[in-house]
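All remarks here apply to the structure that follows.
The values are calculated or read from the model by the stated rules, or taken from the named source; none is laboratory data. Since the model is a prediction, treat every value here as computed from it, not as a measurement. Cβ atoms come from the backbone with ideal geometry, glycine included; neighbour counts cover every protein chain shown.
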Amino acid sequence: MPFYMIRGDITKLQVDAIVNAANNTLLGGGGVDGAIHRAAGPKLLEECRTLGGCETGQAKLTGGYNLPAKYVIHTVGPIWRGGNRGERELLVSCYRNSLELASKEGCKTLAFPLISAGVYGYPKDQAVQVAVETIQSFLLTHDVSVTLVLFDRDAATVSKSLFTDISSYIDAQFIKEHADQGPECVRREVAFYRDAVKGMPMSAGVPGSQKEALSHIDESFSQMLLRKIDAAGLTDAECYKKANIDRKLFSKIRNDPHYRPSKATALAFAIALELDLNETQELLRKAGFTLSHFQKLDIIVEYFILHGNYDIFQINQALFAFDQSLLGG
Ligand code: AR6
């Protein structure tokens with residue numbers, strides 16, 4: 001099931017469980033812990049008193065009381081001591097144990113804050129990577145939907161060098177697109193449509209690849225998607241997981257040949273199928289969209305396609321860093 005990243009206050013989320021970044025006593029504190037106790041009311045502390053604390057890296061569950069969430073999962077992150085004291089392993093086990101506990105309790109939707117990244121001093125960019133990697137690997141085998149809630153503007157979701165590289169790519173595409181606004185661009189468009197029209201009749205001289213394209217001209221988005229999933233040798237589940245798409249949405253698309261997906265959904269499938277730029281355009285067109293150099297989101301996705309990187313989690317981390325909406329979900 002999908003993975004989301006949002007900016008906001010975890011206490012406001014209507015999910016089955018939210019995770020609390022607590023301390024070993026489980027008796028409350030500052031940061032997100034304080035916010036959760038304030039929003040849940042005094043009954044949460046009463047229940048926490050019965051739990052006998054919690055080891056670092058472990059997790060315990062309570063009710064959510066006045067929170068919109070049904071449960072709170074309290075986990076204790078490591079205090080950062082330079083990175084050589086097993087901090088990473090402990091942080092991984094915070095996420096892992098919380099995810100397993102939520103799953104055991106039948107939770108289908110779960111939200112995490114960035115554990116240890118506040119008072120406990122874990123470097124934020126590394127904390128994000130641990131969170132994303134651990135959640136991602138859990139989602140490969142479990143049917144839950146997980147949201148990572150980032151509170152601080154400075155919690156970077158991609159490395160500085162990747163951010164700079166993508167920024168330069170965006171600038172270059174914007175500049176190219178604006179330079180293309182002159183008559184030369186119009187001439188090229190006219191030539192493009194003239195060539196497209198020339199290729200239309202089903203004559204014996206039509207090359208194989210065009211014949212193949214023409215034979216699928218009446219296909220809907222759903223039909224093209226299912227054909228391409230087969231061609232890629234993927235199972236449905238492999239495909240919707242790689243697309244960060246919910247199983248229910250996938251079956252809607254599978255069962256309705258006329259389903260019109262959002263652009264984010266169509267793009268997510270292009271990524272899952274590892275389509276090149278032309279094939280991505282082709283799939284998008286079936287849903288009534290196109291990749292455009294006037295939209296930052298499109299340029300960022302194009303950047304990843306051109307680099308042969310089809311990891312939707314990494315793409316979403318980059319989209320998040322540029323304040324764009326995410327793919328799939
Ligand atoms: N929603 C989402 N995230 C939040 C919220 C919120 N309402 N408030 C803060 N954060 P921290 P830790 C972010 O310090 O580092 C407590 O006193 C915050 O910006 O809450 O694990 C406990 O009792 C940061 O990115 O937790 C422990 O003593 C992240 O949540 C100690 O702090 C975690 O910051 C635990 O320290």
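Filter segment 10-30 down to the residues that are among the hydroxyl-bearing types (Ser, Thr, Tyr) and either surrounded by 24 or more Cβ atoms within 10 Å (Cβ to Cβ) or under 31 Å from the mean Cα position of the chain (by Cα) (or both) and list them by number.
Answer for segment 10-30, where residues must be among the hydroxyl-bearing types (Ser, Thr, Tyr) and either surrounded by 24 or more Cβ atoms within 10 Å (Cβ to Cβ) or under 31 Å from the mean Cα position of the chain (by Cα) (or both): just THR11.
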Listed by range, helices (runs of 4 or more DSSP H) wholly within segment 246-294 having at least 2 residues that are more than 16 Å from LEU326 (Cα to Cα) and at pLDDT 95 or above are 247-255, 277-286
Going through segment 299-329 in order, the residues found to be over 10 Å from the mean Cα position of the chain (by Cα) and either part of a helix (DSSP H, G or I) or farther than 16 Å from GLU274 by Cα (or both) are ILE299, ILE300, VAL301, GLU302, TYR303, PHE304, ILE305, LEU306, ALA321, PHE322, ASP323, GLN324
Please find, among ARG88, ARG153, ARG81, the residue that is more than 19 Å from PRO2 (Cα to Cα) and modelled with pLDDT under 95.
ARG153
Filtered residues of segment 100-135 (kept if within 16 Å of the ligand (Cβ to nearest atom) and at positive phi):
SER116, GLY121
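Among the strands (runs of 3 or more DSSP E) lying completely within segment 1-99, list those that include at least 3 residues that are in contact with a His (Cβ under 9 Å, 6 or more places away or on another chain) and within 14 Å of the ligand (Cβ to nearest atom). Working first, answer last.
Values: elements: 3-7, 17-22, 59-63, 71-76.
Per the criteria, 17-22.
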